[in-house]
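Report on the following structure.
Readers should treat all values here as calculations from the given coordinates under stated rules, not as data from a laboratory. Note that this is a predicted model, so its numbers are computed, not measured. Cβ coordinates were reconstructed from backbone atoms using ideal geometry, including for glycine residues, and neighbour counts include every protein chain displayed.
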Amino acid sequence: MSGPRMQAAIFDAPGAIRIADAPKPTPGPSEALVRVKAAGLCAGDLYIFTGKNPYVSYPRIGCHEIAGVVEAYGAGASGPAVGSRVVVDPFIGCGRCYPCRIGKRNCCANLQIVGVHREGGFADYVSAPATNLVPVPDSLIDFEAAFAEPVAIGVQGCRRGEVTADDTVLVLGAGPIGLAIVEVARARGAKVYATDLSAERLTTAADLGATPVAGGAGLLERVMEITNGEGMPVVMEATGAVAAMEQTIDLVASGGRIVILGLVKKGTGVTLPGLDFTRKEVTIHGSRASVDCFPEALDLLASGKIHYPKIASSFALGEAPAVFARLADNPMALHKAVFIPEAA
């Protein structure tokens, strides 16, 4: 129990999370210590709680959606001034592998993620590479800044799909990532449709400016009616469902773009009709997290074009066990939860 301590929410095992005293991190060489002011709960954190995250080891302090204040730097590190408000880009590349060498550190062969491979932001303090800190505009409060990471995923997806104001976009899935895509695509001026099996989620997508399209049986016919038989120029898949991924090729227009953001279990196959690769000359992109998208995400949040924070809920960090239990029982019980450490 020697050394500085802090409060943290710790995942001990699947289904087990507790609020406990933990060692305060010491920033290593090239690292920064950040005092956490707001910590967003992501589906990845819920997967840690339910035992579905294949990359995590227990015990672990989760959370990779972090806004805070620079507290100190380790040896040889520099960045935003101590006392500056920042968000933490949680993806840490090795800098040596092929993806890192071509600027795709989000696909690093030796990737580390804050809150998964190393301790995260469900705590009073977190350490991270100084190069992963991004300054927060003065107009954003900490609660809003914590949305930079999910919004950055929307930015990455729209970059991969080359979404412009001339496009019509169909977003499959109106969960947290789907909603981020809806807002970023609309901020780019695109006409956006969203579909989901949940009527409640579709209502939320409509509140954020998307035109809702009922999911399930008959979706293809509804999309063809909307597009006069052409299909959608851009289809963004954010469900993680194999059936949805397979249907993208039917939903997309000839010459259009498909972006797959959803995740399936390792080893799971997705079948697409081979002839349509050439017949439609369709472009299919994967999109993983984000790279160099945090500044644009923060600018979008500061501009007021992103309304996602307005439908989120704030909780004290001490409420984390109850919130995780509630979401494990019903993942749609909350649109989004953000924890505020007591030391904030």
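Do we have any residue at all in region 278-295 that's assigned to a helix (DSSP H, G or I), of a type outside the set (Phe, Trp, Tyr) and within 26 Å of the chain's Cα centre (by Cα)?
Checking region 278-295: at least one residue is assigned to a helix (DSSP H, G or I), of a type outside the set (Phe, Trp, Tyr) and within 26 Å of the chain's Cα centre (by Cα).
Please return the ranges of strands (runs of 3 or more DSSP E) entirely within region 166-262 where 1 or more residues are in contact (Cβ under 8 Å) with a residue 12 or more places away in the chain and basic (Lys, Arg).
Hits in region 166-262: 191-196, 252-260.
May I ask you to say which residue of Ala8, Ala77, Ala38, Ala81 is surrounded by 14 or more Cβ atoms within 10 Å (Cβ to Cβ), at negative phi and out of contact with any helix residue (DSSP H, G or I) (no Cβ under 6 Å at 6 or more places or on another chain)?
One residue alone meets the criteria, Ala8.
What is the number of the single condition among (1) surrounded by 15 or more Cβ atoms within 10 Å (Cβ to Cβ); (2) touching an Asp or Glu at 6+ places or on another chain (Cβ under 8 Å); (3) hydroxyl-bearing (Ser, Thr, Tyr) that Thr271 does not meet?
(1)
State all residues of region 59-101 that are in a loop (DSSP other than H, G, I, E, B) and small (Gly, Ala, Ser); if no residue qualifies, say none.
Gly62, Gly74, Ala75, Gly76, Ala77, Ser78, Gly79, Ala81, Gly83, Ser84, Gly93, Gly95
What about Ala165, is it surrounded by fewer than 20 Cβ atoms within 10 Å (Cβ to Cβ) and touching a Gly at 6+ places or on another chain (Cβ under 6 Å)?
For Ala165, the condition - surrounded by fewer than 20 Cβ atoms within 10 Å (Cβ to Cβ) and touching a Gly at 6+ places or on another chain (Cβ under 6 Å) - is met.
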